[in-house]
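Shown next, in C-alpha cells, is the structure this report addresses.
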Amino acid sequence: MILAIAVIIFILLQVRGAGLGSAFGGSSAGSVFKTRRGVERLVFNATIVFIVLFALISILSLALVR
C-alpha cells in the first residue's frame, strides 16, 4: 500500500510546463524533450525506482500466492 501511494505521489510531483496536446503535435512541439536537472531529475529517477519495486513486489506476491 505504501509503495503504491509513493508511486502516485511521485507521478503527481512531476510537473510539465506544456500540456498533453504538445506531445501530439501541438504548438510547442519542441518543448516536449527537455533536460531534467536538480530536484526534477531526482523525482524522475525516484519514480522509476518506485515503479520497478512496485512491479517486482506485485509479481513476487502473485508467485507466492500460487
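The set of residues in region 28-49 being surrounded by 10 or more Cβ atoms within 10 Å (Cβ to Cβ) and modelled with pLDDT under 85 consists of S28, A29, S31, V32, K34, R36.
Of all residues in region 24-51, those that are over 29 Å from A4 (Cβ atoms) have Cβ atoms under 7 Å from Cβ atoms of residues that are modelled with pLDDT under 75 and outside any helix (DSSP H, G or I), 6 or more apart or on another chain, in S28/A18; S31/G17; S31/A18.
Restricting S22, S58 to residues that are surrounded by 11 or more Cβ atoms within 10 Å (Cβ to Cβ), at pLDDT below 90, in a helix (DSSP H, G or I) and of a type in the set (S, T, N, Q) narrows the list to S22. All conditions but one from (1) on the phi < 0 side of the Ramachandran plot; (2) at pLDDT below 95 apply to V52; the one that does not is (2).
The values are calculated or read from the model by the stated rules, or taken from the named source; none is laboratory data. For clarity, every value in this text was computed on a predicted model and none was experimentally measured. Backbone-built Cβ (ideal geometry, glycine too); neighbour counts: all protein chains shown.
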